[in-house]
1. Based solely on its DSSP helices, what 222 nm [θ] is calculated for chain B when runs of n ≥ 4 H residues each add -39,500 (n - 2.57) and the sum is averaged over all residues, nearest 500 deg cm²/dmol?
2. How much accessible area per residue does the protein assembly as shown have, in Å², with a 1.4 Å probe?
3. Roughly how many debye, to the nearest 20, is the charge dipole of segment A:112-229 about its Cα centre, given +1 on each Lys and Arg Cβ, -1 on each Asp and Glu Cβ, and no other charges?
4. Which percent, to the nearest 5, of DSSP beta bridges fully inside the protein assembly as shown are antiparallel?
5. How big a patch of accessible area, both sides summed and in Å² to the nearest 100, lies buried between B and A at a 1.4 Å probe?
6. Probe radius 1.4 Å, ligands and nucleic acids ignored: give me the carbon and sulfur share of the accessible area of segment A:1-87 as a rounded percent.
7. Shape call for segment B:1-101 from the C-alpha gyration tensor, a ≥ b ≥ c root eigenvalues: rounded (a/c under 1.5), prolate (a/b greater than b/c) or oblate?
8. Just how far, in whole angstrom, is segment A:40-107 from segment B:102-176 if you go by their alpha carbon centroids?
2 protein chains.
Amino acid sequence: MSRTIAVLGGTGPEGFGLAVRWALAGETVIIGSRDAKRAQEAADKIRQRAGANANVSGRENLAACALADLLVLTIPFEGHATLLKQLKPALRPGSIVVDATVPLAASVGGRVSRTLGIWQGSAAQQTAELVPSGVSVVAGFQNVGADILNAEGPVDCDVIVCSDDIEAGKTVRTLAAKIPGVRAIDGGKLENARILEHITALLIGLNLRHKGHSGIRITGLPPGAYAGQ
Amino acid sequence: MSRTIAVLGGTGPEGFGLAVRWALAGETVIIGSRDAKRAQEAADKIRQRAGANANVSGRENLAACALADLLVLTIPFEGHATLLKQLKPALRPGSIVVDATVPLAASVGGRVSRTLGIWQGSAAQQTAELVPSGVSVVAGFQNVGADILNAEGPVDCDVIVCSDDIEAGKTVRTLAAKIPGVRAIDGGKLENARILEHITALLIGLNLRHKGHSGIRITGLPPGAYAGQ
């Protein structure tokens, strides 16, 4: 049975796009937001797209966290550490925190095509430091742009998933592969999340320069390396 | 008319693979090496693959540099700064130095799937600091693996090219697009080279984990963003 997915920051374009895709795939999704009313409005919008029977609801972030043990962080980096500190008492051992956050320099008034240096190596590794022990952190979805997720049709992008917890990584790859077009790839340990975060800055730069909605595909791996199609 | 290309470190697998591909495309290529004899042997091997009429010769690195104004660096990072300091008196204004070097931690006994932090931001930016003024530095080819270049058939990989010199970047994109299968993409300023270098570490990790020869493709850009096919 699939776990309930709480998308924290799910009223923003990236989280909304992921929530739509998972709702369309039949998953149970809770939109989390600082503001419960905005979360419910986003859930209503998702039902309009995914059908009235879609299992989508909206809650304040902490309430969403209490109802799910698979949490996806899609928040701007400036709110990253603060949210994690708020969530800490609500995070239960065995939960998975999927971090899609990218530490763009825009968080501190810089460019969207540059990243900040994170002491721990990446936003996802910062997350690993901020969650209670027994909670697994998985990095993924940084390179699938909101515009692509919110458009119709298959997503022409691979999702590389990094984690120090092999089972949690597998769970998240299965979840990624539910998005049509996405192939999920095991990208190794959580420390590699820094590369995924940097790739996002490159893709944003390409989008600005070439007026596109870029993504990446990994070529040349044997078929068994890809989950999904 | 195409410029003569000197591939410094061209006896190593990455440089050799690029030299073969350009020789096959009809370019004039000089293999540079610390050892002129080894350079000539590599040139002989390339002629065996690309045909007896291929314009390929082998020289000691400095001699190669004297005969070409388009230099491609494909040397291990541990020899990077030293070679550039040796080359400096031989580099003429108007020359282009293409840097494909990746600062893998293996250079100092660490892992091939990790990079070193470079003070200037990337190996390519270190190069920019070490060349005389008037010489343009272009970053590219980091993400096209030697095994892929040395295999037969088209290369299933895009080449992202970064430079602060727009014309030099264009020249190198044209050169990249001469490799069958490669699409060359303007990746913006040289500072973005750090991301290309990091991607190589990710791809090496994927190769080790999944037993493949991985590369990347950028999806979702308008056709005009890609040179080549």
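1. So the helix-based figure for chain B works out to -11000 deg cm²/dmol.
2. Details: 18570 Å² over 458 residues.
Accessible area per residue, the protein assembly as shown: 41 Å².
3. Values: 10 positive and 11 negative charges, 65 e Å.
Charge dipole of segment A:112-229: 320 debye, to the nearest 20.
4. On the way: 17 of 67 bridges.
Rounded to the nearest five, the antiparallel share is 25 percent.
5. Interface area, both chains combined: 2700 Å², rounded to the nearest 100.
6. Numbers: 1900 of 3850 Å².
Carbon and sulfur atoms account for 49 percent of the accessible area of segment A:1-87.
7. Working: a/c = 1.77, a/b = 1.39, b/c = 1.27.
Judged from the Cα gyration tensor, segment B:1-101 comes out prolate (a/c at least 1.5, a/b above b/c).
8. 38
The values are calculated or read from the model by the stated rules, or taken from the named source; none is laboratory data. Because the structure is predicted, anything quoted here is derived from the model rather than measured. No Cβ is skipped: glycine too gets one built from the backbone with ideal geometry, and neighbour counts run over all protein chains shown. These area figures cover heavy atoms from the full protein model, side chains too; ligands, DNA and RNA do not enter into them. Shrake-Rupley method; radii C 1.70, N 1.55, O 1.52, S 1.80 Å.
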